[in-house]
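To start, the structure itself, in structure tokens.
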Amino acid sequence: MGFAQPTTSRAGESATYGSAERFLSLLADSSRPPVAAHDIAVIVAHPDDETVGCGAQLPRLDDATVIVLTDGAPRRLSAAQEHGCASVETYAMFRSHELCNALALARVRKRSIVELEFSDQTAALRLADLIRTIYRLVDARHIRTVPTHAYEGGHPDHDAAAFAVHAAAELKRRGGERLSIVEMPFYRADGDNKWALQSFPAHCGPTAITIRLTESERTLKRAMLAAHRTQRRTLSPFSSDFECFRCAPTYDFRTLPNAGQLFYERYDWGMTGKDWLRLTQTATRKLGLGDGPWA
């Protein structure tokens with residue numbers, strides 16, 4: 001599946017009617033007009049993912065919702081202490097403040113920020129709850145288009161976000177409504193212990209667009225990244241020069257992402273490929289979504 005070629009759009013033009021292709025064409029418009037985005041929700045796993053994925057685009061998305069699934073604070077005291085916090089709760093509070101500060105730079109209204117506060121590194125353990133919550137939110141806010149994580153095996157919370165959004169879209173489809181999904185790449189394994197950052201695999205899936213940021217957009221993105229002060233070291237490898245998007249393909253979530261090369265089997269993130277498949281299968285059974293790939 002491809003996407004519509006960029007077209008000239010009027011200021012404030014809307015991506016209404018849930019078309020991922022239409023949304024991409026608006027993003028790719030070199031004149032950078034604002035987009036009426038009351039029916040768009042950016043759904044990401046952690047505070048700071050919104051900045052890495054689409055921070056420079058957020059000022060253009062007028063009245064978009066930003067939904068953050070976890071609090072960004074693993075339930076290990078050592079993780080909090082590594083960032084100068086005496087408790088997990090304090091670390092979570094810092095991350096929430098950082099999120100709001102970064103989004104304020106992008107002119108995202110406070111009422112447009114939704115923090116679900118699932119525990120960091122545990123989203124995959126509560127997939128059915130996550131799917132139901134996302135479904136209710138997109139339904140209540142009349143969301144038609146969702147930019148979210150690619151299914152790429154980088155972090156279990158990232159893959160949980162991708163899975164949950166696709167599952168919510170399938171529930172909407174079965175109810176006769178469409179939820180279009182645009183995906184953003186974060187990181188995945190690329191060869192022996194190598195990181196592929198902010199890129200989709202070559203010759204794999206729909207055509208992607210890469211938006212080269214203007215100087216003012218780069219300045220904004222750097223400021224947003226800096227606002228996530230506790231994550232300075234983690235965020236340092238990510239580029240502020242471009243942002244990538246594509247229409248989400250139809251994934252078969254019965255298989256592992258990235259041909260089974262999973263970063264979360266290399267780090268202490270509490271997840272293996274075997275665990276992941278078991279958890280997604282349990283969630284699909286609970287919600288009556290069946291075994292096959294979703295159209």
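Which of (1) surrounded by 14 or more Cβ atoms within 10 Å (Cβ to Cβ); (2) over 21 Å from Val146 (Cβ atoms); (3) of a type in the set (Gly, Ala, Ser) is the odd one out, the single condition Gly290 does not satisfy?
(1)
Which fully enclosed helices (runs of 4 or more DSSP H) of region 75-165 have 3 or more residues being in contact with a strand residue (DSSP E or B) (Cβ under 9 Å, 6 or more places away or on another chain)?
Details: elements: 77-82, 88-105, 127-140.
Where helices (runs of 4 or more DSSP H) fall fully within region 75-165 and carry at least 3 residues being in contact with a strand residue (DSSP E or B) (Cβ under 9 Å, 6 or more places away or on another chain), they are 88-105, 127-140.
Working only within region 181-215, note down all residues that are loosely packed, with under 12 Cβ neighbours inside 10 Å and more than 19 Å from Ala56 (Cα to Cα). Break it down stepwise before answering.
Let us first name the residues in region 181-215 that are loosely packed, with under 12 Cβ neighbours inside 10 Å, namely 191-194, 202-204, 207, 212, 215.
The answer is Gly191, Asp192, Asn193, Lys194, Ala202, His203, Cys204, Thr207.
Given the conditions (1) surrounded by 13 or more Cβ atoms within 10 Å (Cβ to Cβ); (2) at pLDDT below 95; (3) out of contact with any Ser or Thr (no Cβ under 9 Å at 6 or more places or on another chain); (4) part of a helix (DSSP H, G or I), which single one is not true for Tyr264?
Unmet for Tyr264, out of (1) surrounded by 13 or more Cβ atoms within 10 Å (Cβ to Cβ); (2) at pLDDT below 95; (3) out of contact with any Ser or Thr (no Cβ under 9 Å at 6 or more places or on another chain); (4) part of a helix (DSSP H, G or I): (3).
Within region 171-179, is even one residue surrounded by 24 or more Cβ atoms within 10 Å (Cβ to Cβ) and outside any loop (DSSP other than H, G, I, E, B)?
Looking through region 171-179, none of the residues is surrounded by 24 or more Cβ atoms within 10 Å (Cβ to Cβ) and outside any loop (DSSP other than H, G, I, E, B).
Any idea which of (1) crowded, with 19+ Cβ neighbours inside 10 Å; (2) out of contact with any helix residue (DSSP H, G or I) (no Cβ under 9 Å at 6 or more places or on another chain); (3) not hydroxyl-bearing (Ser, Thr, Tyr) is the one Met93 doesn't satisfy?
(1)
Does Ala80 satisfy being within 20 Å of Leu225 (Cα to Cα), at pLDDT below 95 and in contact with a helix residue (DSSP H, G or I) (Cβ under 6 Å, 6 or more places away or on another chain)? Walk me through how you get there before you give the answer.
Numbers: within 20 Å of Leu225 (Cα to Cα): yes; at pLDDT below 95: yes; in contact with a helix residue (DSSP H, G or I) (Cβ under 6 Å, 6 or more places away or on another chain): yes.
In short, yes.
Criterion first (surrounded by 24 or more Cβ atoms within 10 Å (Cβ to Cβ), at pLDDT below 95 and touching a Cys at 6+ places or on another chain (Cβ under 6 Å)) does Ala20 satisfy it? Before the answer, list the steps.
Numbers: surrounded by 24 or more Cβ atoms within 10 Å (Cβ to Cβ): yes; at pLDDT below 95: yes; touching a Cys at 6+ places or on another chain (Cβ under 6 Å): yes.
Spelling it out, Ala20 is indeed surrounded by 24 or more Cβ atoms within 10 Å (Cβ to Cβ), at pLDDT below 95 and touching a Cys at 6+ places or on another chain (Cβ under 6 Å).
The values are calculated or read from the model by the stated rules, or taken from the named source; none is laboratory data. Here the structure is a predicted model, which is why all the values come from computation and not from measurement. For neighbour counting, all protein chains shown are included, and Cβ atoms are generated from backbone atoms with ideal geometry for every residue, glycine included.
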